[in-house]
Amino acid sequence: MNEFITAVLPTAERKLTTTISPEFAQPIQALTSMLSFLSTTFALPIFLRVYRSFSSELQHWIWEHIVKRNKFSEQGGVQFKRAMEGLWQACGDYCVRPAVGMGKVEDACGVLGLPTAVNSKGEGLFDLWTVLREFDAGRERAREVMGKLGLTSVDLHEARWLVGRRIEAVA
């Protein structure tokens, strides 16, 4: 079981507090140091071009080495989503849209972070089983659910594949 820590990460203008796994705190601190240096060294348009390139390459690495190579339990999906949100939060002081260039990872967070079941207060929320049922009900219903989940960077085939990355979906 992975424990989470609350890391205070230095940013350009303020302290940022987010709950992330201990293994991820060090890389985020190194990243914020690098982004701070780059943002003060380069003019804004050049920095943003470098950041977009970086985020695109990072998305490719995360997709290939984390999403494709692992199956996620409900807790693992939540941990992955929390780590990505911590990453984007840390980068938020350096650009307005820190997840730019990482749409597939955003979509993966949306699917992998789904609860297995929605509690009684969860009106309008989707759980893994509902999404799985709707994806199997046909293209039109699947696309409707994808829209409601905010999946914009993956196609239907990839969305179904992401649901299959959840351990509970194949059990």
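The values are calculated or read from the model by the stated rules, or taken from the named source; none is laboratory data. None of the values given here were measured: they were computed from a predicted structure. Glycine gets a Cβ as well: all are built from the backbone with ideal geometry, and neighbour counts include every protein chain shown. Surface accessibility is based on the protein's heavy atoms, side chains included, excluding ligands, DNA and RNA. Shrake-Rupley method; radii C 1.70, N 1.55, O 1.52, S 1.80 Å.
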Among the residues of the stretch 1-36, write down those that are aliphatic (A, V, I, L, M) and at pLDDT 85 or above.
-> Ala25, Ile28, Ala30, Leu31, Met34, Leu35
Test Tyr51 against the stated conditions and say whether it is assigned to a helix (DSSP H, G or I), over 25 Å from Gly164 (Cα atoms) and either hydroxyl-bearing (Ser, Thr, Tyr) or open to solvent by less than 50 Å² (accessible area, probe 1.4 Å) (or both).
-> yes
Could you identify the single residue in Leu114, Leu35 that is touching a residue at least 24 places away in the same chain (Cβ under 8 Å), of a type outside the set (Val, Ile, Thr), open to solvent by less than 60 Å² (accessible area, probe 1.4 Å) and out of contact with any Leu (no Cβ under 6 Å at 6 or more places or on another chain)?
-> Leu35
From the list Ala169, Ala108, Ala117, which one is within 18 Å of Gly76 (Cα to Cα), in a loop (DSSP other than H, G, I, E, B) and among the aliphatic types (A, V, I, L, M)?
-> Ala117
Test set (1) modelled with pLDDT of 95 or more; (2) surrounded by 14 or more Cβ atoms within 10 Å (Cβ to Cβ); (3) among the aromatic types (Phe, Trp, Tyr) - Tyr94 fails condition number = (1)
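Please pick out the residue among Trp129, Trp61 that is among the aromatic types (Phe, Trp, Tyr), part of a helix (DSSP H, G or I) and more than 26 Å from Glu23 (Cα to Cα).
Trp129
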Which one is farthest from Arg165 (Cα to Cα) among residues in the stretch 54-91 that are among the polar types (S, T, N, Q) and open to solvent by 60 Å² or more (accessible area, probe 1.4 Å)?
-> Gln89
Looking only at the stretch 156-171, and only at residues there that are out of contact with any strand residue (DSSP E or B) (no Cβ under 9 Å at 6 or more places or on another chain) and aliphatic (A, V, I, L, M), the one that is farthest from Lys68 (Cα to Cα) = Ala171
For Val163, work out the one condition from (1) over 30 Å from Thr40 (Cβ atoms); (2) open to solvent by 50 Å² or more (accessible area, probe 1.4 Å); (3) in contact (Cβ under 8 Å) with a residue 40 or more places away in the chain; (4) assigned to a helix (DSSP H, G or I) it doesn't fulfil.
-> (2)
